[in-house]
1. Which ones in segment 182-206 are of a type in the set (Phe, Trp, Tyr) and touching a residue at least 24 places away in the same chain (Cβ under 8 Å)?
2. For segment 99-147, what are the residues that are surrounded by fewer than 19 Cβ atoms within 10 Å (Cβ to Cβ), of a type in the set (A, V, I, L, M) and more than 13 Å from ligand 1 (Cβ to nearest atom)?
3. Quick one: would you say Tyr153 is within 21 Å of Glu90 (Cβ to Cβ), away from ligand 1 (no atom under 16 Å from the Cβ) and of a type in the set (Ser, Thr, Tyr)?
4. When you go through (1) within 15 Å of ligand 2 (Cβ to nearest atom); (2) crowded, with 19+ Cβ neighbours inside 10 Å; (3) at negative phi one by one for Gly171, which number turns out not to apply?
5. Among (1) more than 12 Å from ligand 1 (Cβ to nearest atom); (2) within 28 Å of Arg28 (Cα to Cα), there is one condition Ala164 misses while meeting the rest; what is its number?
6. Kindly establish whether Asp182 is out of contact with any Gly (no Cβ under 8 Å at 6 or more places or on another chain), within 16 Å of ligand 2 (Cβ to nearest atom) and not aliphatic (A, V, I, L, M).
7. Please determine whether any residue of segment 185-197 is within 16 Å of ligand 1 (Cβ to nearest atom) and within 24 Å of Val226 (Cβ to Cβ).
8. Suppose we filter segment 69-98 for residues that are over 12 Å from Tyr232 (Cα atoms) and either in a loop (DSSP other than H, G, I, E, B) or within 16 Å of ligand 1 (Cβ to nearest atom) (or both); how many remain?
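The values are calculated or read from the model by the stated rules, or taken from the named source; none is laboratory data. All figures in this text were calculated on a predicted structure; none of them were measured in a lab. When we count neighbours, we look across all protein chains shown, and the Cβ atoms used for this are built from the backbone with ideal geometry, even at glycine.
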Amino acid sequence: MSSAMFSFHFLLFIIAFLCVVAQAPKRRFEYKLSFKGPHLVQRDNSVPFWEYFGDALAGDEGIRITPSLRSKKGSVWSKNKLESKGWEIEAGVRVTGRGRIGADGLAIWFTEGRGSKTDNQVDNVVFGAADKWNGLGVFLDSFDNDGQHNNPYIMAVVNDGTIAYDHHNDGSTQNLGGCLRDFRNKPFPVRVKIEYYNQILTVRVHNGLTNNQNDFEICMSASNVVLPASGYIGISAATGGLADDHDILYLSTHSLHDPTVDTSQVSEEERQKFEQEFKQYQDELDKAKQDYQKEHPDEKKDEYYEGGDDQWFQSQNEKEMKQIFDGQNIINNVLREVNRKLDELMGRQEMVISRINAMPVGQGQAPQQVQGGGQQQVAGSPIQRHEVDRLINNQNSLLQQIGDLKYIINDVQQKAIAIQNQAGTGGGVQDKMALHEMKDRISNVANDIQLLINKPQANLQCPPPSPSNNCLSSSVFFVALVIQFVLTIGYMVYRSNKEAQAKKFY
Ligand SMILES: [Ca+2]
Ligand SMILES: [Ca+2]
């Protein structure tokens, strides 16, 4: 029973989930109603598809709606209208100021008309835009005009073009809903996402404390909200006695469509509209061409234009002929390539045959057993497959050996060059230095000997005898020599006599 209940609940959940998924609207990015830095401005300081008024100034990273100076008003408005029953606008803003309290605030608009048609800022009393607007305004109200201690406040106010905004009470009785959020001086941009679909208006706010794209919280939601079928998108801001920088960094707009309706099919009405636009554009182009020719009659006509439109376009037959011609060209190229390969193969075959013919008789003509066939090959039969393989293997191994030899020769050569270089640079210098040194020393020795030879002989005589002096005079030396000689002779005579006596006993 309980499992049946569980299955039932699960089924209900699945159905609900499918309904939600099925009802999720199709989103289409509206690039003409969006902008995003960097490189936001063009050379003439304009932002494509957008126009700005008052004190607003576009920079490369975003648009500064007002600077933090007193009593400034500015706004930026789309040039095109958003024409969709459902839409989503996301704006990334920064409201920064040095004061603890800022003013006045910033507004995001979806209105039938543009809220700042002129630069006359006197009329732009609602956060830098005109009062009595027809459409929606989402206000980021910094300053607490009514003293309820409920600012900064974010709220949505819908107007049908008749109501004057109650500034002194911060529109407290006029708004559809709102939330108390401090959007000033945040580390990351504060993001406001406004969704209008099936007459349900939802405002979600990202508090700018993180850089996570998905940290949105619901600020307000209201159903049965009726807004104009199409409208301009605008952002405006104002400062008062207190001032903040009001910057908008990006604005992205999506139109939301019923997923059950196939939006890829263009309706007849839209088709006619596009055709009309195209015709209008072409007429304008022709007129511009004619005007140019009138203004520059001497200008040489474009040679491509001489032939008229026929020069620019080709007929169906021409197109087909060109396709056939291209195809034939490709076939021709392929055939040529095949031909080339065949020639190459023929060349190789001839080379192999000539090598076999050059081989000594008997080596390539020995009778061989054919595998599987069992037939005896007769002498002089054509070359066998395995012989060709062996030849190729031999050749390969030869090539490899030659390669090895080449490598070794190269190595030896490199080493020889290295040794030569060494000898030619560092070693040679050292050897030369050693030679010079030796030469010097030898010449020194020669000089010393020369000096000794040239010295007078008297200097070679023995110094006068003294107890510490043991110089030998020549007479003493000769007497000692004679005595030694006599003693040696005597000893030899004595030994020979001794030996003669010893022999007698044997
Ligand atoms: Ca206020
Ligand atoms: Ca207030």
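1. The initial filter retains those residues of segment 182-206 that are of a type in the set (Phe, Trp, Tyr), namely 183, 188, 196-197.
Hits for segment 182-206 are Phe183, Tyr196, Tyr197.
2. Scanning segment 99-147 gives a single hit, Val122.
3. Working: within 21 Å of Glu90 (Cβ to Cβ): yes; away from ligand 1 (no atom under 16 Å from the Cβ): no; of a type in the set (Ser, Thr, Tyr): yes.
Against the criterion (within 21 Å of Glu90 (Cβ to Cβ), away from ligand 1 (no atom under 16 Å from the Cβ) and of a type in the set (Ser, Thr, Tyr)), Tyr153 does not qualify.
4. Only one criterion in (1) within 15 Å of ligand 2 (Cβ to nearest atom); (2) crowded, with 19+ Cβ neighbours inside 10 Å; (3) at negative phi is unmet by Gly171, namely (3).
5. Ala164 satisfies every listed condition except (2).
6. Working: out of contact with any Gly (no Cβ under 8 Å at 6 or more places or on another chain): yes; within 16 Å of ligand 2 (Cβ to nearest atom): yes; not aliphatic (A, V, I, L, M): yes.
For Asp182, the condition - out of contact with any Gly (no Cβ under 8 Å at 6 or more places or on another chain), within 16 Å of ligand 2 (Cβ to nearest atom) and not aliphatic (A, V, I, L, M) - is met.
7. Initial filter on segment 185-197 (within 16 Å of ligand 1 (Cβ to nearest atom)): none.
Checking segment 185-197: not a single residue is within 16 Å of ligand 1 (Cβ to nearest atom) and within 24 Å of Val226 (Cβ to Cβ).
8. Residues in segment 69-98 being over 12 Å from Tyr232 (Cα atoms) and either in a loop (DSSP other than H, G, I, E, B) or within 16 Å of ligand 1 (Cβ to nearest atom) (or both): 9 in total.
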